[in-house]
Amino acid sequence: MINLFKICYKCKKEKSINEFYKHKGMNDGHLNICKECKRKYGRKYSKNNRDKINEYRRNNPKIKLLRKNEHLRNKDRYIERAKERYKKNKKKYIEYRIKNKEKIAIRTKIWFKKNHIKASYYSSKRRALVRNATGNLTYREIIRQHNIQEDRCYYCGKRLNNHYDVDHIIPLSRGGNHSCGNIVIACETCNERKSNKLLIEFKIYKRLWGTF
Ligand SMILES: [Zn+2]
Ligand SMILES: [Zn+2]
């Protein structure tokens, strides 16, 4: 095998081709920057462009899927590690959150808009936790309920176009549980109006105020 040499674009040193990372897009199949420079440059770049890189990772579907699969495989380990990391850097996290309050709020808002159903799932889960409700409703059960109702609101029958809330038939605040037997899918308006009423109370309310 011939030992090829190449001049690094960054440090201008002539080095063996093995000192360059492979890259399909280049003419000779190798990068123009040597491994050493690439590592140095890469670290500097990622330090200065952390937001840009994170944004790219967040929005690239290929990376997203890879990460998702990896995450599912090692779910328990990730949760454990995240907990430890949080404990260790609690002060830093809180400081970051205070410092970037607006940025985080915008990001959260966008996420909620994009992931309305998941958001509804999480918020119902949180409410159940607060109320100490029994039952462990899963995301899949919500999707199933939506399919059963054929994309229509349980209360008004309006088409939901995949935009809906999870409603507890017996409200959590009235002792209802957080399981698939106690939930229906409802439009935002109905969910808001039903609020913490029992079904019979909601029926009377609807009769008094007319159907909407
Ligand atoms: Zn170099
Ligand atoms: Zn409705």
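Bear in mind that the values in this text are calculations on the coordinates, not laboratory data. Computed from a predicted structure; not experimentally measured. Please note: Cβ atoms are built from the backbone with ideal geometry, for glycine as well, and neighbour counts cover all protein chains shown.
For this structure, a couple of remarks:
- Gyration tensor verdict on segment 88-212 (Cα atoms; rounded if a/c is under 1.5, prolate if a/b is larger than b/c, oblate otherwise): prolate
- Label-reachable residues, segment 23-38, where backbone N falls under 19 Å from a point 7 Å from Lys13's Cα toward its Cβ: 31-38
- Val130-Asn69 pseudo-label distance in nm [points 7 Å out on the Cα-to-Cβ vector]: 3.9 nm
- Label sites at Arg107 and Leu4, each approximated as a point 7 angstrom past Cα along Cα to Cβ, lie 4.1 nm apart.
- In nm, spacing of pseudo-spin labels at Leu208 and Glu84 (7 Å Cα→C-beta vector): 5.7 nm
- Relative to its residue count, segment 154-212 spans a Cα convex hull of 77 Å³ per residue.
- Spatial separation of Cα centroids for segment 113-180 and segment 1-74, in angstrom: 45 Å
- Backbone N within segment 54-68 under 18 Å of label point (7 Å from Arg77 Cα along the Cβ vector): 66-68
- Against the chain, whose longest principal axis is taken from its Cα atoms, helix 199-209 shows a tilt of about 80°.
- Computed log10 I(q)/I(0) for the chain at 0.16, 0.18 Å⁻¹: -1.21, -1.35, from the Debye equation with unit scatterers placed on every C-alpha and solvent omitted.
- Against the chain, whose longest principal axis comes from its Cα atoms, helix 75-88 is set at around 80 degrees.
- Considering helices alone, the calculated mean residue ellipticity of the chain at 222 nm is -17500 deg cm²/dmol, with DSSP H runs of length four and up weighted by -39500 (n - 2.57) and normalised per residue.
- Cα-based helix-to-principal-axis angle, 116-131 vs the chain, degrees rounded to 10: 60 degrees
- FRET efficiency for the Ser179 to His116 pair, using the beta carbon distance and R₀ = 25 Å, is estimated at 0.70.
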